[in-house]
Amino acid sequence: MRKLMVFVPFVAFIVLGIFLYKGLFMDPSKLPSALIDRPFPEFALPSLYEPERVLTQEDVKGEIALLNVWATWCPTCKEEHEQLNKIGLEEGIPIYGLNYKDDPQLARDWLQRYKDPYSQVIVDREGRLGLDLGVYGAPETYILDSSGVIRYRHVGEVDEKVWQQLKGLMEAIATEEGA
């Protein structure tokens, strides 16, 4: 029995090595989501600009849209914000913002400073809706169909290349819904 115990650390090292090796080849933007093709989670949270107004999952229905999880403490969110301004303000694509674990006043100031591409901004100060969505961190962007069903999830920055991919998916969803 003692001779077998000598091999336990070696076997543990091999198993750990296999998992770490496998992780080297995983794409971090391809994180699985159990919510794909499921309705947006139920929530009742305040609006950023009208804190007395409670937004719910009904407020993200009615049109194909993006939902962007962002925060003022997130440096990548600032990097992607110019692209979101192009999408929301120039192209007119509806984007719902989910201000994640942030101070609402800082968020209002930030959007005033860098422009606001969002149709509505949901304040998720405690991160509960983010938890229900399976958010790993900001930024994350979801495509919602007109019924409020999550159709796609992108983890990380939305740049021009990612936007072209998301735009194609949104067009395919629009075609599907029109049929």
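The values are calculated or read from the model by the stated rules, or taken from the named source; none is laboratory data. This is a predicted model, so every value here is computed, not measured. Backbone-built Cβ (ideal geometry, glycine too); neighbour counts: all protein chains shown. Side chains are part of the model used for accessible areas, which takes the heavy atoms of the whole protein and leaves out ligands, DNA and RNA. Shrake-Rupley method; radii C 1.70, N 1.55, O 1.52, S 1.80 Å.
Tabulated values for the structure
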{"read-out": "Any chance E79 is open to solvent by 80 Å² or more (accessible area, probe 1.4 Å), within 16 Å of the chain's Cα centre (by Cα) and at pLDDT 95 or above", "value": "yes"}
{"read-out": "Residues being assigned to a loop (DSSP other than H, G, I, E, B) and of a type in the set (F, W, Y) - total across region 104-142", "value": "2"}
{"read-out": "Output for region 124-159, where each listed residue is under 26 Å from L106 (Cα atoms) and out of contact with any Phe, Trp or Tyr (no Cβ under 8 Å at 6 or more places or on another chain)", "value": "R125, E126, L131, G134, Y136, G137, E140, T141, G156, E157, V158, D159"}
{"read-out": "Leading residue by the ranking (modelled with the highest pLDDT) among those in region 27-49 that are of a type in the set (D, E) and open to solvent by 80 Å² or more (accessible area, probe 1.4 Å)", "value": "E42"}
{"read-out": "Counted residues, region 109-138 - those being touching an Asp or Glu at 6+ places or on another chain (Cβ under 9 Å), crowded, with 16+ Cβ neighbours inside 10 Å and among the charged types (D, E, K, R)", "value": "1"}
{"read-out": "Test for I87: is it at negative phi and assigned to a helix (DSSP H, G or I)", "value": "yes"}
{"read-out": "Single unsatisfied condition, K161 versus (1) among the charged types (D, E, K, R); (2) farther than 21 Å from E63 by Cβ; (3) not in a helix (DSSP H, G or I)", "value": "(3)"}
